[in-house]
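Here the structure comes first, spelled out in structure tokens, and everything after it is commentary.
Coordinate-derived values only; no laboratory data. Since this is a predicted model, take the numbers as computed values, not measurements. When we count neighbours, we look across all protein chains shown, and the Cβ atoms used for this are built from the backbone with ideal geometry, even at glycine.
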Amino acid sequence: MEQKLLAPLAGKILRLQVEAGGRIEEDEEVLVIEALKMETPVFAPCDGTIKEIKVKEGDDVEEDDVLAIIVTE
Amino acid sequence: MRPYFEHMDDLGHALREGEIKRARANVKAIEQVEAEISAAVEHVKDAGFPTEKINARGQLTVWQRLEYLVDPGTWCPLHTLYNPLDNPEGTTNVIDGLARISGKWAVVIGFDNKVLAGAWMPGQPENILRAQDVAKRLNVPLVWLVNCSGAKLPDQEKFYANRRGAGTPFFRHAELEQMGIPVLAGIYGTNPAGGGYQGISPTILFAHEKCNIAVGGAGIVSGMAPKGEFDVEGAEGLIEKARHFKAQPPGRVETHFGETGFFRQVFETEEGVLDALKEYMREMPAYHPRFYRVAEPVRPKFPEEDLYRLVPIDPKRVYSFEQVLARLVDNSEHIEFRPDYGPEVYTGLCKVDGLLIGFVGNRQGYLGKGYPEYADYPAMGGKLYRQGLIKLNEFVTHCGRDRVPICWIQDTSGIDVGDLAEKAELLGLGQSLIYSIQQTDVPMMLIVLRKGTAAAHYVMGGPTANRHNAFTLGAATTEIYVMHGETAAVATYSRRLIKEKDAGRPLDPIVEKMNELAKQYHDNSRPLFCAKKGLVDEVVPMPDLRRYVQAFAGAAYQNPRSICPQHHLMLPRIIKG
């Protein structure tokens, strides 16, 4: 089953902490969005594998944009 | 009212594996700062003569006296690193803190007899006044360990006179006594002049048999007839007089116990004096905590050590305030005031040792679509907006009505700015909060958990609320400044940059100055700086924060000046609706 990881707020992608194809555990940091001088980490909602990362560092994103797709077991 | 407090709403959750793993670097960084602070504290403790030398003279050091005097595990030091005028000794030469003696909370303060025999020093009057303010705000006894050789004479111009000078604490003792707050003193050693007033100004005086207190000591008495200058003949005379007065200093026990009766009791041993203080403290008027408890005391569900993982030392990182609060309060429970309004601030009631405390804190992170309601830009926690300021005004006012002490936890970058913020009345609402605090007569404490910035540092129960804030704590993560250094550099130099650019001159020198200013802000906002300058009253290791909140709660409820019966509390009913 696929799960979309959505941007919780608008901002710039500061850091990607995972790579496509990599395994990820629930609550692991996937990436960090910078907005309003603060860094907001975005965590994996479940265990799984990163199927696709839709953004790269430096990208501007809007709230609810799809950041990544996670395949859950 | 039992059903309101017996089982309140759950707060926080246990840390998950991923959270623990992620926080490793953060734990290390915080521990490193705490190690620096701990080293600075040891430096203060080691100031002056070694303990062995003092003990060889038949005396205990102030630290040994404190250890004997206070109930084990209750010492909450304050102002340990306070040294605002940079004394080379590294201390203002008084040691103070909150502690229980014979089961009762008191503010305890003593001169460090290892350093210049406990002399007055620059910065000391302000330190003493701060300790006296804690006693005054919490309405608890002030207990002195007097051992004061008088002024450090070469530095007298820095502390002797002035509005808040070395004589002000004597007036403050009288003020405490007028308010019904007892000042107990155990007196040791030679206490001439200022030391004499340190000895005579408290309420009850217990003397060690070898102590003395006097208007002037041997040094002054023997030097009272100078010719206008010094010569060898005069020096010989001084030697003779000084020898006499050293052997027979004025104000000995035979005078102030035998003749004047100023000393209530005299003791052969140092411990005897401390035992008398303990005995009198045992008899101090105080409510049993059960009088005010709303539930039985319980530890938080989650360990205080989690705070190392929960509070990011990087000020740009967000975290959960509720998770932090869950490590400070009984059974990690709360009832929240207006959870659906002013999302940038938490306001709620929690129990600490079974006693009701109002908690206020800045939430962090994105606050969601449509907030603030008066603007089209997004809102980030840490900042205060219209709703948050209104909620804080309401909460503080209700706490005042219900006589609930307040613990503020700051991590704030300021109040929202701009035209829309002005139209939304934020300037007025900030000052309204100051008014609300001022007319709310309950003890408050503050933890500057991370950022204390701009006017928000004032209005959120900051130490500037002189009549309310009993004390302010910092942590390894604390930083206090009017604004971030980079913001300050922009504010200071942006016009200059335009000028230089228009004149065709290179920008490098201005950029260099901007970086210098940003660094200066960084250096002068760190925990050690804050402690030294008194921006906080103590920097506390993360796991000790709850212990200080417990001390605050215990002291605030020990002998409050006014009472709200539990069944007349409105705040829990307002929350329930």
Under 14 Å, Cβ to Cβ, from residue B:120 - net charge with Lys/Arg +1 and Asp/Glu -1: -2
Using only the Cα atoms of chain B, what are the Rg and Dmax in Å? 26.3, 87
Kindly provide the helix-only [θ] at 222 nm of chain B, computed as the sum of -39,500 (n - 2.57) over DSSP H runs of four or more divided by all residues, to the nearest 500 deg cm²/dmol? -11500 deg cm²/dmol
Anchor residue B:391: lysines whose Cα lies under 29 Å away (excluding residues fewer than 8 positions away in-chain): A:37, B:136, B:301, B:316, B:351, B:369, B:383, B:423, B:451, B:576
For segment B:412-472, which trypsin sites (Lys or Arg not before Pro) are in a loop by DSSP, counting at most 14 other Cβ atoms within 10 Å? B:467
For the residues B:1, B:445, B:570, B:8, what sequence is obtained by ranking on other C-beta atoms within 10 Å, fewest first? B:570, B:1, B:8, B:445
Taking Cα pairs under 8 Å and at least six residues apart, what relative contact order does segment B:484-523 come out at, in percent? 63
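Given a cut-off of under 8 Å on Cα pairs at least six residues apart, what relative contact order in percent is computed for segment A:2-71?
The normalised contact order for segment A:2-71 reaches 45 percent.
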Residue separation times 0.36 nm, minus the C-alpha to C-alpha distance between residue B:439 and residue B:516: what's the value? 23.5 nm
Give the order of B:38, B:525 when sorted by the count of other beta carbons within 10 angstrom, beginning with the fewest. B:38, B:525
Stretched fully, the stretch from residue B:171 through residue B:503 gains (0.36 nm per residue minus C-alpha distance, one decimal, in nm) 113.5 nm
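Between residue B:53 and residue A:49, what FRET efficiency comes out of the Förster formula 1/(1 + (r/R0)^6) with R0 = 60 Å and r the beta carbon distance, rounded to 0.05?
The value I calculate is 0.30.
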Would you order B:487, B:478 from fewest to most other beta-carbon atoms within 10 Å of each residue's own beta-carbon? B:487, B:478
In nanometres, what is the gap between the two model label sites at residue B:420 and residue B:178, each 7 Å from Cα along Cα-to-Cβ? 5.1
Along the Cα→Cβ direction, 7 angstrom out, place labels at residue A:37 and residue B:38. What is the inter-label distance in nm? 3.3
Calculate the length of the line joining the C-alpha centroid of segment B:470-490 to that of segment B:166-201, in whole Å. 35
Cleavage-rule hits, chymotrypsin sites (Phe, Trp or Tyr not before Pro), segment B:260-347, DSSP coil, Cβ neighbours within 10 Å at most 16: B:262, B:287, B:341
How high is the relative contact order of chain B, given as a whole-number percent (alpha carbon pairs under 8 Å, six or more residues apart)? 14
Taking the Cα-to-Cβ direction at residue B:259 and at residue A:25 and moving 7 Å from each Cα, how far apart do the two end points lie in nm? 7.8
Pairwise FRET efficiency - residue B:29 versus residue B:496, Cβ, R0 = 45 Å, nearest 0.05: 0.80
Pairs from B:28/B:53; A:56/B:513; B:227/B:532; A:12/B:532; B:513/B:533; B:53/B:104 whose Cα-Cα separation, in the structure shown, is over 31 Å: B:28/B:53; A:56/B:513; B:227/B:532; A:12/B:532; B:53/B:104
Straight-line reach from residue B:278: which aspartates and glutamates fall under 16 Å, measuring Cα to Cα and dropping same-chain residues less than 8 apart? B:67, B:71, B:270
In the neighbourhood of residue A:29 defined by beta carbon distances under 15 Å, the net charge of the other residues (Lys, Arg +1; Asp, Glu -1) is -3
Straight-line reach from residue B:152: which lysines have Cα under 16 Å away, leaving out those fewer than 8 places along the same chain? B:114
Specify, per residue and in Å³, the volume enclosed by the convex hull of the alpha carbon atoms belonging to segment B:262-353. 227
